[in-house]
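A short worksheet on the structure shown next.
The values are calculated or read from the model by the stated rules, or taken from the named source; none is laboratory data. Remember, it's a predicted structure, so these values are computed and weren't measured experimentally. For neighbour counting, all protein chains shown are included, and Cβ atoms are generated from backbone atoms with ideal geometry for every residue, glycine included.
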Amino acid sequence: MWSGSRYQRRVKMGPDTYTVSAAAAPARGGSSEARKIALTAANEHCAQMGKEILVTNVDTATTNIYGAGSAEVTFRCLAKAVATTSVPAHAGLLKAHADFVLSFQTETLPERGDV
């Protein structure tokens, strides 16, 4: 069994987009610790550039029967004003769903004798 934790520094994926991989032994917390290590590394990378982090994806996995884990975080480093106003791509779908539910709930149902 492996007793430590490690992470690989960022890999550039595109303009302002990076990924960080991390691994942690069971004694160090497995995949949840690997996630924490990767997110910390991602935050530090953006902070060093004077930018804000916008996490776009987090994947975790248990890598062996003893509970060792890994994590991969994909993120963007954006200017602070951009990061605070950015909306996830799926937000439009959520709004459309909420609007549908709201319109469904507010429709007037026919009176019992009107049917």
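Brief remarks follow.
- Candidate set: segment 1-29, residues that are hydroxyl-bearing (Ser, Thr, Tyr) and at pLDDT below 85; chosen: the one surrounded by the fewest Cβ atoms within 10 Å (Cβ to Cβ): Ser3
- Residue within segment 45-54 that is part of a helix (DSSP H, G or I), loosely packed, with under 13 Cβ neighbours inside 10 Å and modelled with pLDDT of 85 or more present: yes
- Residue, farthest from Lys80 (Cα to Cα), within segment 16-44, restricted to residues that are of a type in the set (Ser, Thr, Tyr) and not in a strand (DSSP E or B): Ser31
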